[in-house]
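Visitor: Before I ask anything, let me first share the structure, which is written out below as structure tokens.
The values are calculated or read from the model by the stated rules, or taken from the named source; none is laboratory data. The model shown is predicted, which means the values in this text are computed figures rather than measured ones. In this analysis, Cβ positions are derived from the backbone assuming ideal geometry, glycine residues included, and neighbour counts consider all displayed protein chains.
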Amino acid sequence: MSAVTLTDIVKRFGDFTAVHRMSLEIPEGSFLTLLGPSGCGKTTTLRMVAGLLDPTEGEIQIKGKHVTNVPIHKRNLGIVFQNYALFPHKTVADNVAFGLRYRDVSAEEAKRRVNEALELVQLPNVGDRYPKQLSGGQQQRIALARAIVIEPDVLLLDEPLSALDANLREDMRVELKRIQHRIGVTTIFVTHDQSEALAMSDQIVVMSDGRVEQVGPPEEVYNTPSSEFVANFLGASNILPATAGQASGDTLPIEVGGFGSIAIPRDRAPALNGSGKARLVVRAEKLLLTRPGDAPAGSISVDGTVETVDYQGQAVRYFVRVGDTQLQAINMIDGRPFNEGDSVAVSLRPRDCAALPEGT
Amino acid sequence: MSVEAREARQPWILLSPALGAVTLLLFVPLAFILVYSFWLRTATGADQVGFYLENWREALSDAFYRDILINTLKIAAITTIVCALMGYPAAYFIARSKGNKAILLLLLMLPFWISYIIRTMSWINILGVSGAFNSALMTLGVISEPIQMLYNETTVILGLVHFLLPFMVLNVFVSLEGIDTNLEDAANSLGATKWQSFLQVTLPLSLPGLAAGGLLCFVLGAGTYITPIVLGGPTDAMFANLVFEAIITQLNWPLGSALSLMLLAVLGTLVLIYNRYLGMAQLMKGLG
Ligand SMILES: Nc1ncnc2c1ncn2[C@@H]1O[C@H](COP(=O)(O)OP(=O)(O)OP(=O)(O)O)[C@@H](O)[C@H]1O
Ligand SMILES: [Mg+2]
């Protein structure tokens, strides 16, 4: 049974439609991420599940129960807000215990559960402090403890890491995933950060302008984007005009100017039906630059010229000119990076390519 | 002069006109009043200069003054409580309404554009013997003779509430505005009903505003003398009326000075207690 089901959810604010007919099933215990650029309707969707907003149309079910008319305080959800929303006038322990007041829990039981939750977020000794006396990262953990101590049916997280600095964000990412795994709570996570989404999710829902662009596990969304929007939003991609041929066996020949015919695996072009105009998608990190003639066997290679070098520490991002197109390649540094103006061989492996229908 | 020294002097330079005005218009007259309070009024009319404790003895021991002081504090307290009960919901409504807050606040400020005396007198046209209320009741046939509704303690409190309510609403509004609405959402999501989350989260966080509004209402209410003159009966005098009576009617400046310093001491103590526990910053927020 799915923990949360959205059926044909529409949300309008006056004339403006923030969410267009969205349907989604979230399996019990899974970690689902709503990913998309600012203003695409992620928070709106989350707030509808939470009961903080009413959908204009459609149905929401939680654990098989229709909740459209269930007020928020009866939904048994744990919410972590972007700004933490800890009660400033209550101690950390009272903050965490807050949800237990409204549940049938004895004082000792509440105390035990609060301590357990504080230990789970690795802050066992701050119960007597006030939220103001904690750092941002610590407040974040307390907000999480407060949300999970009530053993919610669903945990809702709205960009919980975005207020933290980069290092802390990565630590908390691991931490959050560990805790979610430990208690096995169904989680809906909102972010506009693709690396967070890829690292943490079981399923990613890529959204754009209030519509679902693609739903799938991280590898699938990353490797087999179903639209140009998804290909561009998740990392850097090269998207080239192409022509699809007739599929034979497990491969599909794609004709790309400059590269010739590339036989890509058929399952990397699920949205493509039949031959005709298409787009070839190659991730920047799958495009390998070598000295002319050093291209690895089994890959397709063309000649190019390095135009821009963007040094990033372990990796370099190159912009290379191949014929009249500019391609982007992100390569790990092995020896000395290329310089601007160097002649290189640009190679790709057919199995690293995906194809899309034109105009998506 | 070093940079630090210049910077240390700058606030004082900027403050000096205000400090000058406050010294000249507040502290100097207060000092005069303090000195006066030790003089003695004589039958000939000329005050006797010196250090006499007679006025203070009279002001502090006469039961008449004590009763009126207690009554004044009682009226101010009732007014404050009524203002809190009426003002809090109004402030909550304005703070939580979407879009038209500016207009609602403007409506709240509108009465300040009319003189306080005229606003107080307007009750005579409403509740007076030939006022709107009596006329309406007579036209409807509910009563045959007009009822005297004015000139009692209740109308004094009514007038004070009318005057002071905006101060309460503004103060509470400011503190409600400062509360993150996510806090109530968070409380709701944890299982609290709207009412419970109000009691647990919003109300405690808005108490500083309520206290600031309460202090203003109490101090302004306890110091009033126009409202009891216009809307009170002969027995509804408040403490400031005694001061007025002593100074203007009896020309007894020394006694009036002692009485006014007495009221100042009582209200000043209250402000000090407030400042000790809540701080003046909250009050300034509500006024600005
Ligand atoms: N109460 C509202 N009234 C009118 N429009 C709204 C309201 N709430 C949201 N919107 C609009 O709906 C769209 C989606 O908003 P939402 O907050 O869901 O975006 P988001 O994906 O969470 O973006 P972000 O990453 O910036 O938080 C936006 O264009 C926003 O302006
Ligand atoms: Mg958002």
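Visitor: Quick one: which helices (runs of 4 or more DSSP H) sit completely within the stretch A:128-204 and have at least 1 residues that are within 18 Å of the chain's Cα centre (by Cα) and over 30 Å from A:Y102 (Cα atoms)?
Guide: Values: elements: A:136-148, A:166-183, A:194-200.
Per the criteria, A:166-183, A:194-200.
Visitor: Look through A:G58, A:G29 and report the one residue that is more than 23 Å from the chain's Cα centre (by Cα), at positive phi and more than 12 Å from ligand 1 (Cβ to nearest atom).
Guide: Result of the check over A:G58, A:G29: A:G58.
Visitor: For A:E170, are the conditions met, namely being in contact (Cβ under 8 Å) with a residue 12 or more places away in the chain and among the charged types (D, E, K, R)?
Guide: So A:E170 does not fit the description; no.
Visitor: Conditions: (1) within 26 Å of the chain's Cα centre (by Cα); (2) modelled with pLDDT of 95 or more; (3) assigned to a loop (DSSP other than H, G, I, E, B). A:Q82 meets all but one. Number of the miss?
Guide: Checking A:Q82 against (1) within 26 Å of the chain's Cα centre (by Cα); (2) modelled with pLDDT of 95 or more; (3) assigned to a loop (DSSP other than H, G, I, E, B), the one that fails is (2).
Visitor: Can you spot a residue in the stretch A:30-45 that is within 16 Å of ligand 2 (Cβ to nearest atom), touching a residue at least 60 places away in the same chain (Cβ under 8 Å), of a type in the set (K, R) and closer than 25 Å to A:G216 by Cα?
Guide: Yes, some residue in the stretch A:30-45 is within 16 Å of ligand 2 (Cβ to nearest atom), touching a residue at least 60 places away in the same chain (Cβ under 8 Å), of a type in the set (K, R) and closer than 25 Å to A:G216 by Cα.
Visitor: Just name the residue that is modelled with the lowest pLDDT out of those in the stretch B:221-267 that are assigned to a helix (DSSP H, G or I) and out of contact with any helix residue (DSSP H, G or I) (no Cβ under 9 Å at 6 or more places or on another chain).
Guide: The extreme case among them is B:T249.
Visitor: For the stretch A:46-62, enumerate the residues that are part of a strand (DSSP E or B) and acidic (D, E).
Guide: A:E57, A:E59
Visitor: Of everything in the stretch A:223-233, what is among the aromatic types (F, W, Y) and surrounded by fewer than 20 Cβ atoms within 10 Å (Cβ to Cβ)? Give them in sequence order.
Guide: Result: A:F229, single match.
Visitor: Answer yes or no as to whether B:A5 is more than 30 Å from B:C217 (Cβ to Cβ), modelled with pLDDT under 90 and not in a helix (DSSP H, G or I).
Guide: Here the answer is no, as B:A5 does not meet what is asked.
Visitor: If a residue must be within 12 Å of the chain's Cα centre (by Cα), of a type in the set (A, V, I, L, M) and buried (at least 18 other Cβ atoms within 10 Å of the Cβ), how many such residues does the stretch A:205-221 contain?
Guide: So the count comes out to 4.
Visitor: Moving on. Please go through the stretch A:150-193 and give me each residue that is within 16 Å of ligand 2 (Cβ to nearest atom), of a type outside the set (S, T, Y) and surrounded by 19 or more Cβ atoms within 10 Å (Cβ to Cβ), ordered by number.
Guide: A:L156, A:L157, A:D158, A:E159, A:P160, A:L161, A:I188, A:F189, A:V190
Visitor: Do we have A:V121 as away from every other protein chain (no Cβ under 14 Å), buried (at least 18 other Cβ atoms within 10 Å of the Cβ) and more than 16 Å from ligand 1 (Cβ to nearest atom) here?
Guide: yes
Visitor: For residues that are buried (at least 22 other Cβ atoms within 10 Å of the Cβ) and near ligand 1 (Cβ under 10 Å from one of its atoms), scanning just the stretch A:45-55, find the one that is nearest to the other protein chains (Cβ to nearest Cβ).
Guide: A:M48
Visitor: Right, another one. Confirm whether A:V70 is more than 16 Å from ligand 1 (Cβ to nearest atom), touching a strand residue (DSSP E or B) at 6+ places or on another chain (Cβ under 9 Å) and within 14 Å of another protein chain (Cβ to nearest Cβ).
Guide: The answer is yes for A:V70.
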